[in-house]
Amino acid sequence: RLSGQPHLARESIKAAAQLKPTSETRDEAIAALAMSGLGEVRTWSNLPLSYNFPDFSDDLSLCAHVDKGVVMVLRTSDGTEVARLETPGERIGQVDLSGDGRYLAALGRGGHVWLFDTRNRTEVFKRRIQEDKGYAWTGFGPDGSVLAVVDEFPRLRIFSVPSGKLLGTVTVEPSRMARFHPDATQIAVASGSVLKVMNWATGEVLHQHEF
């Protein structure tokens, strides 16, 4: 994350300037410039190896991760536990925090997605999806008002937050990665070597890229 300490940027830029422009030092100079505003906030050790991708609120003040089947939300400044959320009988494969950290989505391997309120530590809704065998994804829209779920069917479903109302369903290829456009009306879904940008309300493919 950005350190917010200008002196770190100045020191890194000075270090980059002192590197002689040779083929051996080019990458180091670029890294020094690119990382000039970065600083370590907090380090956690011994996170479970089965869960590789913790998620953060937009301001990086909260971190969600899974520990022994329990979803935990921590305050990054001091590691204090903010919420502990349980999904009995179902292992969680992915979690996603809304930008403001208010809501947390948990995608279960047994075929459910949960929405939790992290402030009240309560379950808001639970929805049945196709059983996750490795190709599933969930994520919030930019303002946290919608939640997208891609399951094994494969299909993309959009739910309203916090009501849980189903707003739309689109058939897509199996995917473990998707991202909303900033206005939340479009979503990009990656499958294999193909990336599709879609209007999720109509299912229209607006752009398609192969890479």
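The values are calculated or read from the model by the stated rules, or taken from the named source; none is laboratory data. Keep in mind it's a predicted model, so treat the numbers as computed, not measured. Cβ sites come from the backbone with ideal geometry, for glycine too, and all protein chains shown count toward neighbours. Keep in mind that these areas ignore ligands, DNA and RNA; they rest on the heavy atoms of the full protein, side chains included. Shrake-Rupley method; radii C 1.70, N 1.55, O 1.52, S 1.80 Å.
Summed over the stretch 62-78, the residues that are open to solvent by 20 Å² or more (accessible area, probe 1.4 Å), over 17 Å from Arg121 (Cα atoms) and either of a type in the set (S, T, N, Q) or in contact with a strand residue (DSSP E or B) (Cβ under 9 Å, 6 or more places away or on another chain) (or both) give a count of 1.
For the stretch 203-211, the count of residues that are at pLDDT 90 or above, of a type outside the set (Ser, Thr, Tyr), in a strand (DSSP E or B) and closer than 30 Å to Ser61 by Cβ is zero.
Given (1) open to solvent by 10 Å² or more (accessible area, probe 1.4 Å); (2) among the aliphatic types (A, V, I, L, M); (3) under 17 Å from Val205 (Cβ atoms), where does Val161 come up short, assuming only one miss? Answer for Val161: the failing condition is (3).
Output the residues belonging to the stretch 142-193 that are touching a residue at least 40 places away in the same chain (Cβ under 8 Å) and over 19 Å from the mean Cα position of the chain (by Cα). Gly164, the sole residue that qualifies. If you check Leu115, Leu107, Leu166, Leu156 for being open to solvent by 80 Å² or more (accessible area, probe 1.4 Å), out of contact with any Cys (no Cβ under 7 Å at 6 or more places or on another chain) and hydrophobic (A, V, I, L, M, F, W, C), only one passes: Leu166.
For the stretch 118-153, the tally of residues that are farther than 18 Å from Asp55 by Cβ, surrounded by 15 or more Cβ atoms within 10 Å (Cβ to Cβ) and acidic (Asp, Glu) stands at 2.
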